[in-house]
């Protein structure tokens, strides 16, 4: 037999009811209502039509998304396949230029290392790092030479980075392939960027 202490007995006694006590308080209503789970709330936001469309498309058949400026969104990957996927996803005239640049780089540096990182093709020398990257913008393609200030002549585009220089390729301007190949050859012989 347990005997209740006066404090406990005091807490368990009922309070006199008032007119407001008959209606449930807001706090009681909130605590009684089940809270929706965050994951469930997010899932219900997707429409059944959108969900069905996602299920129907095989992964290989989906077209790459073009980010701002028309830069293809390609998953990070190493080797020739991700570079080819990036070039094929380049919009309009940029695709032809992408094929030309890739062929020039391969011809100039046989066995060049390739990867797509941060939605940009990267070219490098095994064990030395990356010397060049390509990125699409709305009206031009930007080629970044990571040690561009060491190239002769220095590529025309300045950078916030101390060593990097850029070459912007526009649709209506011819590409000096001999100069580009000379820059690629020089850049491949310099220490590359480790990324």
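The residues of region 149-158 that are within 26 Å of residue 96 (Cβ to Cβ) and surrounded by 15 or more Cβ atoms within 10 Å (Cβ to Cβ), listed by number, are 151, 155, 157. Quick check on my filter: what residues within region 97-122 are without any contact (Cβ under 8 Å) to a residue 24 or more places away in the chain and in contact with a helix residue (DSSP H, G or I) (Cβ under 7 Å, 6 or more places away or on another chain)? Matches in region 97-122: 99, 102. Against the list (1) over 14 Å from residue 188 (Cα atoms); (2) assigned to a helix (DSSP H, G or I), the condition residue 162 fails is (2). Summed over region 164-187, residues that are out of contact with any strand residue (DSSP E or B) (no Cβ under 6 Å at 6 or more places or on another chain), without any contact (Cβ under 8 Å) to a residue 40 or more places away in the chain and exposed (fewer than 14 other Cβ atoms within 10 Å of the Cβ) total 6.
Go through (1) part of a loop (DSSP other than H, G, I, E, B); (2) out of contact with any strand residue (DSSP E or B) (no Cβ under 7 Å at 6 or more places or on another chain); (3) touching a residue at least 12 places away in the same chain (Cβ under 8 Å); (4) farther than 17 Å from residue 98 by Cα and name the single condition residue 138 misses. It is condition (4) that residue 138 fails. For residue 70, the requirement of being free of Cβ contacts under 8 Å to residues at least 40 places away in the same chain and surrounded by fewer than 20 Cβ atoms within 10 Å (Cβ to Cβ) is not met.
Restricted to region 115-140, and to residues there that are over 21 Å from residue 194 (Cβ atoms) and more than 18 Å from the chain's Cα centre (by Cα), the residue that is surrounded by the most Cβ atoms within 10 Å (Cβ to Cβ) is 140. In the condition set (1) modelled with pLDDT under 95; (2) assigned to a loop (DSSP other than H, G, I, E, B), residue 152 is compliant with all but (1).
The values are calculated or read from the model by the stated rules, or taken from the named source; none is laboratory data. In this text, all values refer to a predicted model and were calculated from it rather than measured experimentally. Cβ atoms come from the backbone with ideal geometry, glycine included; neighbour counts cover every protein chain shown.
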